[in-house]
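Down below is the structure, laid out as structure tokens.
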Amino acid sequence: MKFKEIKNNIYYCGLNDCERKIFDELIPLEQGTSYNSYLVKGSEKIALIDTMYLPKSDEYIANLDENEVTRVDYIIANHGEQDHTGALPKLIKKYPEAMIVTNQFCKNNIMEMLLIPEDRIQVIKNNEELSLGDKTLRFLMAPGVHWPDTMFTYIVEDNLLCTCDFLGAHYTFDDIFANDSEELMHSAKRYYAEIMMPFRKMCQKYTKQVQEINPEMILPSHGPIYKNPKFILDLYEDWSSDEAKNLVLIPYVSMYGSVTEMVNYLADKFEAAGIKVVKHDVVTDDLGDLAMALVDAKAIILGGSMVLASPHPAIANAAYLANLLNPKAKYASIVGSYGWGGDLIDKLAGMVSNLKVEIIEPILVKGKAKFETYQKLDKMAADFISRMQ
Ligand code: FEO
């Protein structure tokens with residue numbers, strides 16, 4: 001495959017992975033992803049910025065050969081995770097003159113994870129520059145979006161910023177430049193939800209930093225290149241802001257329909273009050289959709305049946321994920337139904353202990369909701385609505 005030029009001897013040399021169905025063995029991929037790599041040809045030195053996921057590394061190296069990249073002086077590792085560094089062991093054999101340039105944290109990671117010899121790594125610090133002749137690479141540490149080893153590489157003379165995983169999308173493409181479409185926004189939000197939302201405050205910080213740099217283009221490690229950086233920066237401003245949307249998210253599982261009845265009753269109340277509701281069946285619906293709803297929700301109500309006197313594993317999984325993703329929701333509660341006994345409320349509440357939410361009085365019923373259960377549901381709905389309006 002012939003490399004596409006981004007600007008002035010800077011080329012896209014990444015690959016789509018349309019076959020990949022799941023990322024981190026956690027969130028399903030709707031259309032695969034791309035692993036981006038950039039070739040920067042200076043007047044004196046040649047650099048690769050990030051490399052390739054190991055299963056795609058032979059194709060990646062074949063493309064380097066096809067494009068006659070016979071010498072590489074520097075391989076910039078913006079981050080140690082193997083979807084971008086998997087090809088490093090092969091590359092340092094192929095290009096014996098090449099030095100891997102990275103920060104101390106990432107150096108430790110690639111030595112441990114990929115057994116890269118120490119003498120092939122050159123450590124740089126924040127704001128340090130590397131000259132390629134007529135081009136300069138400046139390294140900007142960005143710990144927290146999303147690993148402690150993450151850094152950005154700024155191509156100074158061309159005003160291009162490689163932002164590593166930050167601002168990326170699990171998205172595949174033929175045209176390397178973003179079309180700023182609804183479809184891309186959806187993919188970028190799904191990606192943000194899983195990978196960046198746990199670090200929401202850091203996203204606020206680095207969104208601002210990138211806005212201040214004001215690059216001509218943003219070159220992320222996944223998804224297309226943003227020729228219009230405002231597209232993705234405005235989205236990150238919104239998603240990472242402290243303001244939640246007027247939305248109640250109800251992840252639920254219902255073995256015999258009792259929980260579904262309660263969830264539907266609450267949803268009708270919220271919708272009648274003009275509050276949007278996302279009901280998410282945790283058994284059949286896509287986990288990525290749950291993560292996306294968590295980006296916006298102001299309130300979360302977990303609905304669960306009990307299995308063997310404990311929360312059903314499907315709602316426990318959703319609660320655990322929500323706890324990890326650390327959404328901005330302000331209010332939460334639980335509705336549940338049991339057959340013969342056990343502890344649903346305390347166990348489920350214990351699984352979301354990271355959430356900084358006000359807890360509205362939970363409701364637990366044996367079997368079906370009764371007259372007094374509906375009175376409690378009315379009160380629960382009113383308690384949420386009064387806080388959200
Ligand atoms: Fe795309 Fe954190 O690796």
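The values are calculated or read from the model by the stated rules, or taken from the named source; none is laboratory data. Just so we're clear, the structure is a prediction, and the values are computed from it rather than from any experiment. Cβ sites come from the backbone with ideal geometry, for glycine too, and all protein chains shown count toward neighbours. Surface accessibility is based on the protein's heavy atoms, side chains included, excluding ligands, DNA and RNA. Shrake-Rupley method; radii C 1.70, N 1.55, O 1.52, S 1.80 Å.
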- [ ] On a C-alpha basis, how far is the centre of the stretch 197-237 from the centre of the stretch 65-126 in Å? Whole number, if you could?
- [x] 25 Å
Task: the stretch 54-102 - charge dipole about Cα centre, Lys and Arg +1 at Cβ, Asp and Glu -1, debye rounded to 20 - done: 180 debye
Task: Pairs of lysines in the stretch 99-252 (C-alpha under 19 Å apart; 8 or more residues apart or interchain) - done: 12
- [ ] Using a 1.4 angstrom probe, figure out how much accessible area the stretch 60-216 has per residue, in square angstrom, rounded to the nearest whole.
- [x] 39 Å²
Open item on the list: Can you compute the FRET efficiency between V123 and Q211 using 1/(1 + (r/R0)^6), with r the Cβ-Cβ distance and R0 = 41 Å? Round to the nearest 0.05.
Closed with: 0.90
Open item on the list: From the C-alpha coordinates alone, can you work out the Kirkwood hydrodynamic radius of the stretch 234-313, in Å?
Closed with: 13.6 Å
Task: Degrees separating the helix 371-388 axis from the principal Cα axis of the chain, which is the longest one - done: 40 degrees
Task: Reduced Cα scattering model of the stretch 285-363, Debye log10 I(q)/I(0), q = 0.20, 0.23, 0.25, 0.27 Å⁻¹ - done: -0.83, -1.08, -1.23, -1.38
Open item on the list: Quick check: the angle from helix 57-66's long axis to the longest principal axis of the chain, C-alpha only, nearest 10 degrees?
Closed with: 30 degrees
- [ ] Report, in cubic angstrom per residue, the convex hull volume of the C-alpha atoms of the stretch 236-389.
- [x] 96 Å³
Task: Amide proton proximity set for K276, modelled H, under 5 Å, gap of 5+ - done: V248
TODO: Name the long-range amide H neighbours of V307: under 5 Å, sequence gap of 5 or more, or other chain; modelled H, no Pro or chain starts.
DONE: H312
Task: Cα-based equivalent ellipsoid of the stretch 66-139: semi-axis lengths in Å, sorted from largest, via gyration tensor - done: 18, 17, 10
- [ ] Find which of L48, N108, N326 sits farthest along the positive direction of the dipole of the chain, computed with +1 on the beta-carbon of Lys and Arg, -1 on that of Asp and Glu, about the Cα centre.
- [x] N326
TODO: Can you tell me how much longer the chain between E5 and S386 gets when fully stretched, taken as 0.36 nm per residue apart minus their C-alpha distance, in nm with one decimal?
DONE: 131.6 nm
Task: With eigenvalues of the C-alpha gyration tensor scaled by 5 and rooted, the stretch 36-75, Å - done: 18, 12, 7
TODO: Using only the alpha carbon atoms of the chain, find the Kirkwood hydrodynamic radius as the inverse mean reciprocal pair distance, in angstroms to one decimal.
DONE: 22.5 Å
TODO: Run through the DSSP bridge list for the stretch 11-86 and note the antiparallel percent, rounded to the nearest 5.
DONE: 80 percent
- [ ] Return the calculated 222 nm mean residue ellipticity for the chain, to the nearest 500 deg cm²/dmol, obtained by summing -39500 (n - 2.57) across DSSP H runs with n ≥ 4 and dividing by the residue count.
- [x] -10000 deg cm²/dmol
TODO: Kindly write out, for the stretch 270-279 in residue order, the coupling ³J(HN,Hα) from the Karplus curve 6.51 cos²θ - 1.76 cosθ + 1.60 (θ = phi - 60°), rounded to whole Hz, with x marking Gly and Pro.
DONE: 5, 5, 5, 8, x, 9, 6, 10, 10, 8
Task: Apportionment of accessible area to carbon and sulfur, the chain, percent (1.4 Å) - done: 52 percent
- [ ] Output the antiparallel fraction of DSSP beta bridges having both residues in the chain, as a percent to the nearest 5.
- [x] 45 percent
TODO: Note down the magnitude of the dipole of the chain about its Cα centre, charges +1 on Lys and Arg C-beta and -1 on Asp and Glu C-beta and zero elsewhere, to the nearest 20 debye.
DONE: 960 debye
- [ ] Would you mind getting the Kirkwood hydrodynamic radius of the stretch 82-229 from its Cα pairs, rounded to one decimal in Å?
- [x] 16.3 Å
